[in-house]
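J.: The structure that follows is given in the form of structure tokens.
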Amino acid sequence: SYEAAIAHDPNFPDAWRKRGDVLYQLHRYDEALIVYERLLRLEPNNSADYNRQANALWQMGHFKEALEGYEKAIDLKPGLAVAYNGRGNALRELGRLDESLSAYERAIQLESGEAIFHNNYAEAFYRLQNYERCLVACERAIYLHLDYAPAHRLKGDALWQLQRYTDA
């Protein structure tokens, strides 16, 4: 359907956006990336679309390029919490853990109710071997989303590292 809309109007940004999102959901990140690049030529100042592009790059393991996309999204819209979260993820994968913590903190300041932001924050603490802080962030993620399995798993890993085996 989105291809039909694009065939009728190749300059219809929403059809490109939705097509890219479907490709992304299908884990066809390389194809989604091409669509998002086309979309950004149509609307070069859309922060959410830079975030979409960066997400596809991140999924493909292109962390440096993803970081550039997240930073562009933030430049265009400094209040875009998901871009700060993505920035934190890219920085974390690049081994820049202290910087990733700052990005997650900003994401959480902007949208404190997102369990995934707290879980990603916890992951950075875990990689820094700060297991106590990891636990605090995991608990917040679990408080926000009781059934959030990644936070429960990470909490167990941190408890294990602290040799709290029964709790783990």
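J.: State the number of residues belonging to the stretch 98-109 that are open to solvent by less than 60 Å² (accessible area, probe 1.4 Å) and either over 13 Å from TYR70 (Cβ atoms) or free of Cβ contacts under 8 Å to residues at least 12 places away in the same chain (or both). Working first, answer last.
T.: Taking the stretch 98-109 and keeping what is open to solvent by less than 60 Å² (accessible area, probe 1.4 Å), we get 100-101, 103-104, 107-108.
If we keep only those that are either over 13 Å from TYR70 (Cβ atoms) or free of Cβ contacts under 8 Å to residues at least 12 places away in the same chain (or both) too, we end up with 101, 108.
Here the count works out to 2.
J.: OK, next. So which residues in the stretch 127-142 are touching a residue at least 24 places away in the same chain (Cβ under 8 Å) and open to solvent by less than 50 Å² (accessible area, probe 1.4 Å)?
T.: TYR131, CYS134, LEU135, ALA141, ILE142
J.: Name every residue in the stretch 61-80 that is closer than 20 Å to GLU123 by Cα and touching a Phe, Trp or Tyr at 6+ places or on another chain (Cβ under 7 Å), in order of residue number.
T.: If we filter the stretch 61-80 for residues that are closer than 20 Å to GLU123 by Cα, which is where we start, we get 61-64, 66-67, 70.
Matches in the stretch 61-80: ALA66 only.
J.: Of these, LEU42, LEU23, which one is surrounded by 11 or more Cβ atoms within 10 Å (Cβ to Cβ), touching a Pro at 6+ places or on another chain (Cβ under 6 Å) and of a type in the set (A, V, I, L, M)?
T.: LEU42
J.: Suppose we filter the stretch 114-137 for residues that are farther than 16 Å from LEU159 by Cβ and within 15 Å of the chain's Cα centre (by Cα); how many remain?
T.: So the answer is 8.
J.: On the basis of being buried (at least 17 other Cβ atoms within 10 Å of the Cβ) and over 30 Å from GLY113 (Cβ atoms), does ALA4 make the cut? Walk me through it before giving the result.
T.: On the way: buried (at least 17 other Cβ atoms within 10 Å of the Cβ): no; over 30 Å from GLY113 (Cβ atoms): yes.
It is false that ALA4 is buried (at least 17 other Cβ atoms within 10 Å of the Cβ) and over 30 Å from GLY113 (Cβ atoms).
J.: Now for a separate question. ASN55 - would you say it is of a type outside the set (A, V, I, L, M, F, W, C) and more than 25 Å from GLY95 (Cβ to Cβ)?
T.: Considered against the rule, which asks whether it is of a type outside the set (A, V, I, L, M, F, W, C) and more than 25 Å from GLY95 (Cβ to Cβ), ASN55 comes out as no.
J.: To continue, here is another question. Based on this model, can you work out whether ASP14 counts as closer than 30 Å to GLU99 by Cβ, modelled with pLDDT of 95 or more, open to solvent by less than 80 Å² (accessible area, probe 1.4 Å) and among the charged types (D, E, K, R)?
T.: Considered against the rule, which asks whether it is closer than 30 Å to GLU99 by Cβ, modelled with pLDDT of 95 or more, open to solvent by less than 80 Å² (accessible area, probe 1.4 Å) and among the charged types (D, E, K, R), ASP14 comes out as no.
J.: Now for a separate question. How many residues are more than 13 Å from TRP16 (Cβ to Cβ) and either part of a helix (DSSP H, G or I) or hydrophobic (A, V, I, L, M, F, W, C) (or both) when one looks only at the stretch 49-64?
T.: 11
The values are calculated or read from the model by the stated rules, or taken from the named source; none is laboratory data. This is a predicted model, so every value here is computed, not measured. Glycine also receives a Cβ, built like all others from the backbone with ideal geometry; neighbour counts cover every protein chain displayed. For the accessible areas, the whole protein counts, side chains as well, though only heavy atoms, and no ligand, DNA or RNA atoms are used. Shrake-Rupley method; radii C 1.70, N 1.55, O 1.52, S 1.80 Å.
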